[in-house]
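Each remark here refers to the structure printed beneath this line.
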Amino acid sequence: MDRTARAFWLAAPGYGEIREVALPDPADGEVLVRSLYSGISRGTETLVFRGGVPRSQYDAMRAPFQEGDFPGPVKYGYLSVGVVEQGPERLLGRTVFCLHPHQTRYVVPATAVTPVPDAVPAARAVLAGTVETAVNALWDAAPLVGDRIAVIGGGMVGSSVAALLARFPGVRVQLVDTDPARAKTAEALGVGYAAPEDALGGCDLVVHASATAQGLARGLELLAPEGTIIELSWYGDQKVSLPLGEAFHSRRLTLRASQVGTVSPARAHRSYAERLALALDLLADPALDALITGESAFDELPDVMPRLASGEIPALCHRVRYPHEPLT
């Protein structure tokens, strides 16, 4: 049967459009998902939209169900929540999360979707992919009770990390950002806020997610001796320089990368599916609604994406709302 859906494509850097795409019938072991919401992570997705993915990272940056290639045309995205319209009985009618681009309906293997817990609203579940990144970062970081921690960069990833750290007993957590508006986000998440120049030092741990050399350098300054920075930023094609000739060696500091594409070696016995299911369970906390800072209709994406990329629309996670179109 010839059926179609609609998808958002990056036609060329800085220019997006909605295209009609073929929708196959689901085979055995596949599901047909009707989208309810998707999320736009302003950091990674706007970098892709601007054409800022380095050629050396084209393969590493591919999304699970991406079509096309960088810098474009490409169909990109990875925060989708929908309802299963066709598929195995155990999933039929269930609300699910999938790492799929922005599209009104799609067919994927049943193993590619994760049921959303009943305690988590579908509109909040778009955060699952980013909270999963935060879970992996904290597996890498291994914070301890009573730690003094700075999270530098109050974007979607940094704020997700801060939200999870707020649950650790006895910790001092500051969300550090140049934008004073992040103070309201920090308050909603239950952590402190500071501008970079006012941040508290003596940190046992710094989680860096500002994607700026200045933020990373400030993180080194805030560390106590033997302290560790966990680097979560994705710099794309930017070059980064650091003042490693100052106290980096004398204080025996550690700089470590964390990337969600690999399960943390500290939890290597855990599967990707288990990690994502944990992230969805954590989304039962309504405080995480503070990470969703705007919403638009799917048909508005060609206009909204350039405004997100330019900063005209300030955002952490921008949510996309889908129409309930008949299956044709």
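The values are calculated or read from the model by the stated rules, or taken from the named source; none is laboratory data. These numbers come from a predicted model, not from an experiment. Backbone-built Cβ (ideal geometry, glycine too); neighbour counts: all protein chains shown.
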message: Out of the residues in the range 295-324 meeting the condition of being charged (D, E, K, R) and under 13 Å from Gly14 (Cβ atoms), tell me which one is nearest to the chain's Cα centre (by Cα).
response: Arg307
statement: Filtering helices (runs of 4 or more DSSP H) wholly in the range 95-214 for at least 1 residues that are at pLDDT 95 or above, of a type in the set (D, E, K, R) and over 20 Å from the mean Cα position of the chain (by Cα) gives 182-189
- line: In the range 71-94, residues that are farther than 30 Å from Arg50 by Cβ and buried (at least 20 other Cβ atoms within 10 Å of the Cβ) total 2
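Every residue, every condition in (1) out of contact with any Asp or Glu (no Cβ under 9 Å at 6 or more places or on another chain); (2) not assigned by TED's automatic domain parsing to the domain that holds Pro64, yes or no:
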site: Leu244; (1), (2): yes, yes
site: Ala247; (1), (2): no, yes
site: Arg256; (1), (2): no, yes
site: Ala287; (1), (2): yes, no
site: Ser310; (1), (2): yes, no
field: Close pairs (8 angstrom Cβ cut-off, 6 or more residues apart or separate chains): surrounded by 16 or more Cβ atoms within 10 Å (Cβ to Cβ) in the range 301-317, assigned to a helix (DSSP H, G or I) and basic (Lys, Arg) anywhere
entry: Leu308/Arg42; Ala309/Arg50; Ile313/Arg307; Ala315/Arg42; Leu316/Arg42; Cys317/Arg42
task: Being over 28 Å from Phe49 (Cα atoms), touching a strand residue (DSSP E or B) at 6+ places or on another chain (Cβ under 7 Å) and of a type in the set (D, E, K, R) narrows it down to one of Arg251, Arg182, so name that one.
output: Arg251
Residue pairs meeting the criteria (Cβ under 7 Å; at least 6 apart or on separate chains; first over 12 Å from Leu276 (Cα atoms), in the range 95-117; second among the charged types (D, E, K, R) and in a loop (DSSP other than H, G, I, E, B)): Thr104/Glu325
message: more than 21 Å from the chain's Cα centre (by Cα) and not polar (S, T, N, Q): is that true of Val21 in this structure?
response: yes
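So that you can scan it fast, the table gives a plain yes or no per residue for (1) touching a Pro at 6+ places or on another chain (Cβ under 9 Å); (2) in the same structural domain as Pro64 (by TED's automatic domain parsing); (3) charged (D, E, K, R):
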{"site": "Asp204", "(1), (2), (3)": "yes, no, yes"}
{"site": "Ala209", "(1), (2), (3)": "no, no, no"}
{"site": "Leu220", "(1), (2), (3)": "yes, no, no"}
{"site": "Leu232", "(1), (2), (3)": "no, no, no"}
{"site": "Gln259", "(1), (2), (3)": "no, no, no"}
- prompt: Say we look at the range 251-287 and pick out the residues that are of a type in the set (S, T, N, Q) and surrounded by 18 or more Cβ atoms within 10 Å (Cβ to Cβ); which of these is nearest to Ala137 (Cα to Cα)?
  reply: Ser258
query: (1) more than 30 Å from Arg321 (Cα to Cα); (2) touching a residue at least 24 places away in the same chain (Cβ under 8 Å): which one isn't true of Arg167, the others all being true?
result: (2)
- prompt: Restricting the first residue to the range 18-31 and requiring it to be free of Cβ contacts under 8 Å to residues at least 60 places away in the same chain, which pairs with a second residue that is surrounded by fewer than 10 Cβ atoms within 10 Å (Cβ to Cβ) and in a loop (DSSP other than H, G, I, E, B) meet a Cβ separation below 8 Å and a spacing of at least six or different chains?
  reply: Ala22/Asp2
- prompt: Conditions: (1) in a strand (DSSP E or B); (2) in contact with a Pro (Cβ under 8 Å, 6 or more places away or on another chain); (3) more than 22 Å from Glu274 (Cβ to Cβ). Arg19 meets all but one. Number of the miss?
  reply: (2)
- request: Those residues that are more than 15 Å from Leu164 (Cβ to Cβ) and either of a type in the set (Gly, Ala, Ser) or under 16 Å from the mean Cα position of the chain (by Cα) (or both), I need them from the range 267-288; list them, please.
  value: Ala268, Ser271, Tyr272, Ala273, Ala277
- prompt: Going through the range 209-262 one residue at a time, which ones are of a type in the set (Phe, Trp, Tyr) and without any contact (Cβ under 8 Å) to a residue 60 or more places away in the chain?
  reply: Tyr235, Phe248
